[in-house]
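Every number in this text was worked out from the coordinates using simple rules, so none of it is lab data. Bear in mind the structure is a predicted one, so any value in this text is a computation, not a measurement. Quick reminder, even Gly has a Cβ in these numbers, built from the backbone with ideal geometry, and neighbours come from all protein chains shown.
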Amino acid sequence: MPDLKLALKTLIVQSCERDCDPSEIADDEPLFGGDARLALDSLDALQLSMALQKRYGVRLTDSKETRRILANVGNLAQWLVATGAGNSEQ
C-alpha cells in the first residue's frame with residue numbers, strides 16, 4: 001500500500017494545487033481545516049473528489065462518510081482498497 005499512498009499524496013498535491021513534496025505528507029496527517037498543514041477546504045475536497053473519480057472511477061456521495069474518508073491519506077487508501085479501486089496501486 002505504500003505505492004498507493006504516495007500516488008494519493010501526489011494526486012492531492014496536484015489536484016489541490018499545493019506546493020509541497022508529496023512524500024513529506026504523513027499518512028495520518030489531517031488534510032482539512034485550519035490546523036492542517038495543507039489547509040484544504042471545501043473547494044479542494046470537490047477538486048480531489050473529481051480527481052479520484054477520474055483516476056480510480058470511484059464516487060464519494062455521502063458527505064459524512066466523505067469527511068471520514070478524506071480526513072487523511074491513510075483513510076483514503078484503506079477506503080480505495082476496500083472498494084477494490086486501489087488494488088492495482090499496491
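Are there any helices (runs of 4 or more DSSP H) wholly within segment 1-84 with 3 or more residues that are under 11 Å from the mean Cα position of the chain (by Cα), of a type outside the set (A, V, I, L, M) and loosely packed, with under 12 Cβ neighbours inside 10 Å, and if so which?
On the way: elements: 2-15, 42-56, 63-69, 73-83.
Result: empty, no element qualifies.
Among the candidates Ala51, Ala45, Ala82, single out the residue that is within 16 Å of Leu4 (Cα to Cα), in contact (Cβ under 8 Å) with a residue 24 or more places away in the chain and not β-branched (Val, Ile, Thr). Walk me through how you get there before you give the answer.
Numbers: Ala45 fails: within 16 Å of Leu4 (Cα to Cα); Ala82 fails: in contact (Cβ under 8 Å) with a residue 24 or more places away in the chain.
Only one candidate passes the filter, namely Ala51.
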